[in-house]
2 protein chains.
Amino acid sequence: MMPERGLRIRSLLKPDGQLELSLVEEPVPQPGPDEVVVRVQAAPINPSDLGQLFVAADLAGLRQSGTARRPVVTATVPRAIVAALAARVNRPMGAGNEGAGEVIAAGSSDAAQALLGRTVATFAGEMYAQFRCVPVAQCVPLPATITPDQGASCFVNPMTVLGIVETTRIEGHTALVHTAAASNLGQMLNRVCIEDGLGLVNVVRSDDQERLLRAQGARFVCNSTRPSFEPELIAAIEATNATVAFDAVGGGTLADRILAAMESVQSRKATGYSLYGTSTHKQLHIYGALDTSPTILRRNYGAAWSIGGWLLPQFMQKAGPDTVARMQRRVMEGLLTTFASRYTKEISLADALRIDAIAAYAQRATNGKVLINPGMDID
Amino acid sequence: MMPERGLRIRSLLKPDGQLELSLVEEPVPQPGPDEVVVRVQAAPINPSDLGQLFVAADLAGLRQSGTARRPVVTATVPRAIVAALAARVNRPMGAGNEGAGEVIAAGSSDAAQALLGRTVATFAGEMYAQFRCVPVAQCVPLPATITPDQGASCFVNPMTVLGIVETTRIEGHTALVHTAAASNLGQMLNRVCIEDGLGLVNVVRSDDQERLLRAQGARFVCNSTRPSFEPELIAAIEATNATVAFDAVGGGTLADRILAAMESVQSRKATGYSLYGTSTHKQLHIYGALDTSPTILRRNYGAAWSIGGWLLPQFMQKAGPDTVARMQRRVMEGLLTTFASRYTKEISLADALRIDAIAAYAQRATNGKVLINPGMDID
């Protein structure tokens, strides 16, 4: 029987900077001809979802209200950020970039009808909901052997990993540096680079993270908290000849130190001196913001360097549908192996709005990935 | 009569960090088949030449020795920089990227012989010399009506200006922001943009600089020292729709503020809110280092942005010989108008190694360009 109403998480930024997260109950929409209604059974919390949920609110100042089954969380967003986010003020927003579940209603088109009863994954956004009406074009039917838990994270991390590898090749590099390399995404990238024989320098922040990656076959792992980080990074870059880096950290001096290490390697190879450094192009793509402080660039790596933002949807648009389809096929083939995600916890929509749960999942800790199962909110 | 010996400026970095600038007297080389010997009559001091001459020595600590006709200047280069410049240590270097003068000897090839007696400009480097043997391919014969003074600066600034304009178009932008915009180069860029009908936002640091550019027809001039700089910059970027900037400053927060202003303009036009900012790409090219302090990027301009080094020779290599030839023709046609340089002073090679003269020409002041005339050193 088709349910009439369902819960979803709503994030609302008010003009005075108050941010309110709550559960709202709404009618389940009727699908249009090319749409389906998905009963969401699994939706991961990725770092990018945290930004959508909490904007840039100080999570230490969260306040809890509401009831156990209908919790409300409020926070304060700094004024400067509210001004910059004018387009978001007073516009209630959902969250949850990706997820998976069963198609319980379908529009009239053949494509929509073909999905009825199937388990699909989707990247349509606003997946922190019991029911989500999405275009057929944004659904990927999962093989019958794949559960919603196993398919829920088949977009953001796997496609980012393959996008990183594609970008490395398209730009003509033969090896890459990756920061925050022990993350769920980093471990996946390590597996893909090993499969593809692509040189990878993993930059991590602890001995535990280094051990974890080495146990998974990583050859080059550099711990940025060690005094010997710089010479070790230079040695790893020299061994791989990495000239591109993908950086999930963003802030501080890490990006700068990576570019300087690359130039150091290239200048050792160069014959003679140039005021403007070597002519080998050194590229750094920032795709995350684990450190939201400013990026500090000392610019002591010649003139042939570039640093910029990197975003999966923008990459997919540039790469074109053939490349994207090829990437998606590879993800589906490796969903239980190369592209498998591991979760530490499965929580309900209501759980996701409890301050203690937020404190845990917002840490962005290595191996701390959380899955929301809106099926747990059924009364 | 062919002179036997000539003076040139030599910059020598020693392993202990001592930098020594002196005049050396050397035999005038015999030209190879495709070479000519130029009697240098004019060679400008561009900001890029200062780096080649003084590395990163602290100019406040210069020491004078030698004689009036053979002065020697010494300085200390910080240890960290010496280590980074291993390829330069103990290698005596000339300086002076460009210059002009009469061809007084030529190799056996027809192309070389054709230049005998002509006044040529060249971008061969090491032009702070009385005589310079250069390949014919690196010479441009000047029209008979052009003096060496008028032709000496026909490469670095004019080609950089045209390279900036070409880059703007190749990357698909329709207007640009330029910093340090009242410089000799900036005034030239302003003239070219007016000729080409290309939108230009000039960023300057004083009211005098603003007046100077407005008197030359500049429509958008923003003074970064004024409290109203940010809204004025946003208004100018909105009026022009500039999405690329060429930055001669490099350090500090200026690059960041320009990118933020661009994003602010684009987000006003965008419908709806995206966590990752607008999809309009915002580009900033750093082509100078008037401020050698670190570049500070707050990264509050979404994901579609990039910042990197920009260098004329690298651009010319990418653009290819046809584009470069077209640019050079345009420079020659406008040498006394659009691409004219003005100099405040003409000095000898020996003058260029006097501490008081260095203090003046190393200021990089607007309208403070100095020309070296090695003909003045003749005993």
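Read-outs throughout are calculated quantities, based only on the coordinates presented, and are distinct from any laboratory measurement. These figures come from a predicted structure and were not determined experimentally. Positions of Cβ are generated from backbone atoms using ideal geometry, with glycine treated the same way; all protein chains shown enter the neighbour counts.
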> What are the label-to-label distances in nm, one decimal and shortest first, from residue A:378 to the same spot in the other copies, with labels 7 Å along Cα to Cβ?
Replying inline: 10.1
> Using 1/(1 + (r/R0)^6) with R0 = 56 angstrom and r between the beta carbons of residue B:137 and residue A:2, what's the FRET efficiency to the nearest 0.05?
Replying inline: 0.10
> Relative to the longest principal Cα axis of chain B, at what angle does helix B:254-269 sit, 0 to 90 degrees, rounded to 10?
Replying inline: 40
>> Cross-link candidates for residue A:345: which lysines have Cα within less than 24 Å, leaving aside residues fewer than 8 places away along the same chain?
In response: A:369
> Applying 1/(1 + (r/R0)^6) with R0 = 60 Å to the Cβ-Cβ distance of residue B:363 and residue B:30, what FRET efficiency is obtained, to the nearest 0.05?
Replying inline: 0.90
> Using alpha carbons only, how many degrees (0 to 90, rounded to 10) separate the axis of helix A:156-170 from the longest principal axis of chain A?
Replying inline: 30
> How would you rank B:74, B:119, going from fewest to most other Cβ atoms within 10 Å of each one's own Cβ?
Replying inline: B:74, B:119
> To the nearest 0.05, how large is the calculated FRET efficiency for residue A:225 and residue A:292 if R₀ is 25 Å and r is the Cβ-Cβ distance?
Replying inline: 0.85
>> Using the alpha carbons of region B:156-229, what is the convex hull volume per residue in cubic angstrom, as a whole number?
In response: 81
> Label residue A:216 and residue A:279 with points 7 Å out from Cα along Cα→Cβ: what is the distance between them in nm?
Replying inline: 3.9
>> Distances longer than 25 Å among the Cα atoms of region B:220-379: what percent of all pairs is that?
In response: 52
> Taking the simple approach of a point 7 Å from Cα along Cα-to-Cβ for both residue A:342 and residue A:326, what is their distance in nm?
Replying inline: 3.2
> Karplus couplings for region A:294-300 from phi (6.51 cos²θ - 1.76 cosθ + 1.60, θ = phi - 60°), rounded to Hz, Gly and Pro as x?
Replying inline: x, 7, 10, 10, 7, 6, 9
> Hey, what did chain A get for relative contact order, percent, Cα under 8 Å, at least 6 apart?
Replying inline: 17
>> I want to verify a result. In a Gaussian network model of chain B, Cα cutoff 10 Å, which of these has the top mean-square fluctuation: B:282, B:269, B:369?
In response: B:269
> Which one of A:160, A:271, A:243 has the biggest mean-square fluctuation once chain A is modelled by GNM with Cα springs under 10 Å?
Replying inline: A:271
> For a paramagnetic label modelled at 7 Å from the Cα of residue B:67 toward its Cβ, which residues of region B:341-364 fall within the zone defined by backbone nitrogen distances under 11 Å?
Replying inline: none
> region B:288-377: D in µm²/s via Stokes-Einstein (Kirkwood Rh, Cα pairs, 25 °C, 0.890 mPa s)?
Replying inline: 142
> What aspartates and glutamates sit close enough to residue B:318 to cross-link, taking a C-alpha to C-alpha distance under 16 Å and skipping anything fewer than 8 places away on the same chain?
Replying inline: A:171, B:166, B:171
> For region A:1-138, which semi-axes, largest first and in whole Å, follow from the square roots of 5 times the eigenvalues of its Cα gyration tensor?
Replying inline: 31, 15, 13
>> Using +1 at the C-beta of Lys and Arg and -1 at the C-beta of Asp and Glu, which of A:89, A:231, A:124 has the Cα lying farthest in the positive direction of the dipole of chain A?
In response: A:231
>> I want the antiparallel fraction of DSSP beta bridges within chain B, as a percent rounded to 5.
In response: 60
>> Would you work out the Kirkwood radius for the protein assembly as shown? I mean one over the mean of 1/r across all pairs of different Cα atoms, in Å.
In response: 29.1
> Which angle between 0 and 90 degrees, to the nearest 10, do you get for helix B:321-333 versus the longest principal axis of chain B when only C-alpha atoms count?
Replying inline: 80
